[in-house]
Structure formats: structure tokens, C-alpha cells
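S.K.: This is the structure I want to talk about, given as C-alpha cells.
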Amino acid sequence: MTLTIDYDFRKQIRSYNASLDYCFQCSTCTGICPVAQLTNGDFNPRKLIEASLLGLKDMLIEEPKVWYCLTCQKCVELCPQKVELTEIFDVIKNYCVKEGKIPEAFNSQAISVLETGVALPFSDPIMKRRRQLGLEDYKTVDPKEIKTLLKSIGFDKLLRFDTPTTDKKEGGK
Amino acid sequence: MPFIESSAKKVFEKLDIKMTNMENASCCPDPTGFPAVDQTAWLTLGARNLSLVENKKDDIISLCSGCVETLKMVNHTLGEDPAKMEEVNNNLAKIDKKLNGKVVVKHAGQLLYENLDVLKSKIVKSLKGLKVAVHYGCHFLSPSEIIQWDNPFEPTTVDEIVRALGAESLDYDSRLQCCGNPLLKTDKDLAYDLLYKKLSDMKNAGINCITVVCPSCFLQFDYQQRAVNKKYGTEFKFPVLYLTELVALALGFNDKELGLKFHGIKPKKMLQELNIISNE
């Protein structure tokens with residue numbers, strides 16, 4: 001595999017989050033990372049930061065590893081250089097999305113927020129259960145307002161509407 | 001999960017803390033899935049939610065650690081970065097909204113802790129016999145510079161509440177580890193592996209129930225124990241109680257009033273055996 005160094009990509013990550021520059025590759029992040037432990041280092045936050053510092057855009061965007069971050073923030077708590085890893089990973093994920101590489105579960109949740117204003121809409125069974133438990137009816141946002149707002153900043157252009165959006169991730173009771 | 005909301009409403013009524021629903025709110029949106037798609041959209045929706053209460057001078061109390069983190073992060077990020085605040089307000093102008101400054105955002109667990117003395121004076125039923133594994137979860141604590149609440153590596157606040165109710169809070173190995181819920185979106189097997197580790201450590205510590213302060217963690221523990229059992233051939237069946245449900249039991253509410261039968265793993269039998277609720 002040829003590695004292409006993309007200085008512009010590195011510059012752009014830094015412009016969103018300058019803390020990238022502080023990393024001195026001590027690997028404290030990887031040491032505390034529960035996903036690094038589970039995957040025997042296959043997911044390795046230090047390496048993702050290294051690749052960002054080197055501007056290895058193709059490597060970061062072609063391989064979906066960055067999506068394995070739990071955002072548990074343990075690395076951020078312990079980083080001696082105060083590198084904001086989870087926010088830097090978000091910047092990288094945002095680039096993946098711009099290149100059309102959005103994992104389906106993230107896509108379907110984003111579509112739900114765009115269309116209804118919430119990730120898990122207040123379905124009839126939920127409203128019924130609320131009444132059973134003596135909770136008053138609740139007025140969520142007018143979906144039109146959120147759609148107008150998100151469309152005005154081009155959020156809809158980031159999503160893929162061609163894929164099925166049946167996200168039954170957790171069967172929310 | 002209306003049962004969580006219902007328990008919180010009952011508890012805060014007993015503590016004479018006035019709550020109103022925050023109408024016209026959208027998703028916070030969540031701090032894991034949404035900023036991954038577009039950070040600016042995340043900040044903008046969060047700022048819109050904050051702007052809804054700014055003029056009313058209310059505080060925002062949330063039962064969800066993710067919502068709390070998002071809204072605190074939005075407060076923090078926009079407060080530190082005037083250019084970003086201007087960009088977000090330009091976005092909000094399209095729907096005639098504006099955010100000026102900061103809104104106080106608190107987790108319901110924090111509010112309970114701050115009112116612990118009043119809470120203690122209202123307890124009518126000791127939760128003696130409950131051996132609780134407290135799961136703090138990630139976003140209740142971190143990033144601590146922004147959340148500014150408990151110690152992220154040695155948290156005590158939820159344990160103190162649990163003990164005040166007469167229950168035991170037991171230590172276990174992976175106490176501070178993530179429940180694994182966000183990985184359901186990327187790799188379900190890994191999400192189950194993380195949960196398996198936590199459940200095994202809890203079992204080894206001799207617990208009989210789990211307490212959480214986040215609906216996302218609740219779903220992971222209550223609904224995914226079955227998936228873990230299937231994958232690992234284990235027989236975990238720990239009831240999961242959201243913190244305000246536990247408090248509500250100590251304040252004298254019963255399982256029916258709290259809708260505990262709507263949980264995946266029903267706590268009723270265990271609560272009856274421990275005489276926390278009656279056998280009727």
C-alpha cells in the first residue's frame with residue numbers, strides 16, 4: 001500500500017482542533033482504551049493520532065477503525081498533553097462522512113433526527129405507556145423547524161438516503 | 001423509557017423540587033453518534049435546545065448523561081470560541097433563535113446528591129439487602145474538566161446516594177469501564193464482550209442488582225444481558241434499576257406505581273424476597 005501524505009488534511013484537522021500538535025506518542029491513550037484491550041491493539045488511538053499528525057488521510061478514511069472509538073473519554077482524562085482525542089476522531093469521522101463513508105447505524109440515526117427532530121421518535125406505544133404511568137403528554141419540537149435548520153447548513157447532503165434505514169439497534173421499550 | 005421519567009418525577013415531587021417539561025426540545029443530540037456525522041450540526045442543535053430555556057431563567061435537568069455532556073460541551077465550546085458562537089447563531093437566525101450565554105445544565109444524579117439531606121429525611125423504606133453494582137458510565141464523569149462533577153477515576157456520589165438508601169454498594173473490577181453501548185453501532189460482538197466483562201466482575205463481587213444513571217447504559221444492561229448469555233452461555237439475570245427508581249422505592253413507591261414490569265429483567269421477585277415491596 002502506498003502511503004500518501006496529505007499536508008492539507010493535517011492542517012485542516014489542526015484548524016479544528018489544535019491539541020493534535022501536543023501529542024508526543026507516549027501511548028497512555030492506548031493503554032487505558034478498553035477497545036484497544038479487547039482487540040489486542042487492532043484499534044489503537046495512538047496510531048490514529050500518529051496518522052493524523054503525518055497527514056495519512058487515505059489510511060484514516062479508507063479504514064473504518066476510527067468508528068470503533070466508544071467516546072468514553074478515558075484517554076482524554078489521562079493524556080498528559082491534553083490532546084482531545086475524541087474530538088479529533090470526530091473531525092476524522094466528519095471527513096469520512098463527507099467522502100460518503102458513513103456507517104449505516106450512524107446514517108439512520110442522523111436521518112431520524114433530520115426527519116423527526118429526535119433519534120428515537122415518540123411512538124404510539126411510548127405515548128400510551130407514558131399515560132399508563134401518569135405522565136402528561138409531551139410536546140417535542142416541530143420536525144419542520146429542525147429540518148429547515150439542518151437543511152440550511154447542508155446536513156442532509158451528508159447523508160445517504162438510498163440505503164434502508166431500519167435501525168432496530170436496541171428495541172427501546 | 002417512560003418508567004425512568006415517571007420515577008424521577010415522583011422523587012423530585014417528594015423533594016419539593018419543581019420540574020416542568022422542556023417543550024419543543026429536539027434531540028440533545030447525543031455526544032457519540034451525532035457529532036461523528038457533523039460537529040457543527042451537533043453544536044447548532046445543542047445551542048437551539050439551550051436557547052429554549054435561556055430567557056425563562058430555568059436550569060436544565062436531564063436524566064441522561066449523554067444529553068448532559070452534549071449540552072455542557074456546547075456551553076463550554078461556544079463560551080470559549082466567539083467565532084464558533086457567531087457561526088452557530090447565524091445558523092439559528094434561520095429559525096429566529098439566538099443563544100446569548102450560558103444555561104445551567106445538571107444531571108438528575110447531581111441534583112439528588114445536592115439534596116441528599118432532604119432525601120434522607122424522606123426515606124420510609126430501607127433498601128437493606130440490595131447489593132448494588134453502581135455503573136457510573138462515561139458521560140456522567142467525563143470529560144471532567146467540562147462536566148465538573150465527580151472524580152472521574154474515584155467517583156463516590158452515586159455510591160453515597162445508594163448507601164443512604166440502606167443498600168450496599170459493592171466494588172468490582174471494571175467499575176469505571178464503559179457499558180459498551182456505543183459499539184452496538186459498529187460491532188455488536190465487541191459491545192457484548194465489554195458488557196460480558198462488566199457482568200462477570202459484578203457477579204464475582206456478589207451483587208444482586210445494577211444501578212445506572214444513563215438510559216443508554218440502562219438499555220445496554222437491561223436488554224443486552226440476554227445477548228451476552230447467548231454468546232457466552234452464561235446465565236446473567238441481574239435486575240437493572242435507574243438511580244431514581246431505587247430512590248423512589250426507598251420513598252415508598254411500589255413496583256406497580258413505578259412500572260417496573262416494563263423492564264426487560266423484572267425486579268419484582270427480588271424486591272419481594274427482600275421485603276422492599278409487599279407480596280401482593
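S.K.: Could you state the accessible area per residue of the stretch A:2-67 in Å², with a 1.4 Å probe and every protein chain left in place?
M.R.: 52
S.K.: Probe of 1.4 angstrom, ligands and nucleic acids ignored: what's the accessible area per residue over the stretch B:18-107, in square angstrom?
M.R.: Result: 41 Å² of accessible area for each residue.
S.K.: Using r as the Cβ-Cβ distance of B:Glu13 and A:Asp142, and R0 as 30 Å, what FRET efficiency do you calculate, to the nearest 0.05?
M.R.: Efficiency, from the Cβ-Cβ distance: 0.55.
S.K.: Now a separate question. Roughly speaking, what is the centre-to-centre gap between the stretch A:1-58 and the stretch A:139-154 when only Cα atoms are used, to the nearest Å?
M.R.: Centre-to-centre distance over Cα atoms comes out at 34 Å.
S.K.: Now for a different question. Quick check: at a probe of 1.4 Å, how many percent of the accessible area of chain A sits on carbon and sulfur atoms?
M.R.: 52
S.K.: Okay, moving on. Grab every C-alpha pair in the protein assembly as shown, bin the distances at 20 angstrom width from 0 up to the longest one, and report whole percents.
M.R.: 25, 59, 17, 0
S.K.: Oh, and also: Any lysines with Cα under 21 Å of the A:Lys144 Cα? List them, leaving off those in the same chain fewer than 8 positions away.
M.R.: Straight-distance partners of A:Lys144: A:Lys157, B:Lys94, B:Lys97, B:Lys98.
S.K.: With a probe of 1.4 Å, find how much accessible area the stretch B:153-280 has per residue, and write the answer as a whole number in Å².
M.R.: Each residue of the stretch B:153-280 exposes 39 Å² on average to a 1.4 Å probe.
S.K.: Chain pair A, B: how much accessible area is buried, both chains summed, with a 1.4 Å probe, in Å² to 100?
M.R.: That pair hides around 5500 Å² of surface in total.
S.K.: Cα centroid distance between the stretch B:110-170 and the stretch B:235-261, in Å?
M.R.: If you average the Cα positions of each part, the centres end up 15 Å apart.
S.K.: Further, regarding this structure: Quick check on the stretch A:104-158: take the gyration tensor over C-alpha atoms, sort the square-rooted eigenvalues as a ≥ b ≥ c, and tell me if it's rounded (a/c under 1.5), prolate or oblate.
M.R.: In terms of gyration-tensor shape, oblate.
S.K.: Work out the FRET efficiency for B:Asn229 and B:Phe153 from their Cβ-Cβ distance, taking R0 = 35 Å, and round it to the nearest 0.05.
M.R.: Working from the Cβ atoms, E equals 0.70.
S.K.: If I ignore ligands, DNA and RNA and count only protein heavy atoms, how much of B:Arg175 is accessible to a 1.4 Å probe, in Å² to the nearest 10?
M.R.: 40
S.K.: Among A:99-112, B:178-191, how do they line up by average Cβ neighbours within 10 Å per residue, starting with the highest?
M.R.: Top to bottom by mean Cβ count within 10 Å: B:178-191, A:99-112.
S.K.: For a test of the definition: using alpha carbon positions, the gyration tensor, and the 1.5 limit on a/c, classify the stretch B:18-107 as rounded, prolate or oblate.
M.R.: In terms of gyration-tensor shape, oblate.
S.K.: Next question, about the same structure. Helix A:143-152 sits at what angle to the longest principal axis of chain A, using alpha carbons and giving 0 to 90 degrees rounded to 10?
M.R.: Here the helix axis deviates by roughly 30 degrees.
S.K.: Report the charge-dipole magnitude of the stretch A:7-98 in Debye, nearest 20, computed about the Cα centre from +1 at each Lys and Arg Cβ and -1 at each Asp and Glu Cβ.
M.R.: About 100 debye.
S.K.: Then there is this: Give the cross-link partners of B:Lys128 among the aspartates and glutamates, using a straight C-alpha distance below 13 Å as the criterion and excluding same-chain residues fewer than 8 apart.
M.R.: B:Glu168, B:Glu273
S.K.: Can you give the average number of partner chain beta-carbon atoms within 10 Å of each beta-carbon in peptide A:93-105, as a whole number?
M.R.: Mean partner-chain Cβ count within 10 Å for A:93-105: 3.
S.K.: Another one. Report the calculated FRET efficiency for B:Glu280 and B:Glu160 (r = Cβ-Cβ distance, R0 = 25 Å), to the nearest 0.05.
M.R.: Calculated value: 0.20.
S.K.: OK, next. Of the candidates B:Thr32, B:Thr20, B:Thr70, which one comes out as most mobile in a Gaussian network treatment of chain B with C-alpha springs shorter than 10 Å?
M.R.: Comparing B:Thr32, B:Thr20, B:Thr70 in the GNM, the peak value goes to B:Thr20.
S.K.: Of A:Lys82, B:Lys256, which has the most accessible area with a 1.4 Å probe, and how do the rest follow in descending order?
M.R.: Solvent-accessible surface, decreasing: B:Lys256, A:Lys82.
S.K.: Let me ask another. Tell me the label-point distance for the pair B:Lys203, A:Glu62, using the 7 Å Cα-to-Cβ offset, in nm and rounded to one decimal.
M.R.: Between B:Lys203 and A:Glu62, the simple spin-label model gives 4.3 nm.
S.K.: Using a 1.4 Å probe on the protein chains only, how many percent of the accessible area of the stretch B:1-145 belongs to carbon and sulfur?
M.R.: 48
S.K.: Kindly sort B:Glu5, B:Glu87 by accessible area of their heavy atoms, largest first, with the probe set to 1.4 Å.
M.R.: B:Glu87, B:Glu5
The values are calculated or read from the model by the stated rules, or taken from the named source; none is laboratory data. Worth saying up front: this structure is predicted, and the values here are computed from it rather than measured. All Cβ positions, glycine included, derive from the backbone under ideal geometry; neighbour counts span all protein chains shown. For accessibility, only protein heavy atoms count, side chains too; no ligands or nucleic acids. Shrake-Rupley method; radii C 1.70, N 1.55, O 1.52, S 1.80 Å.
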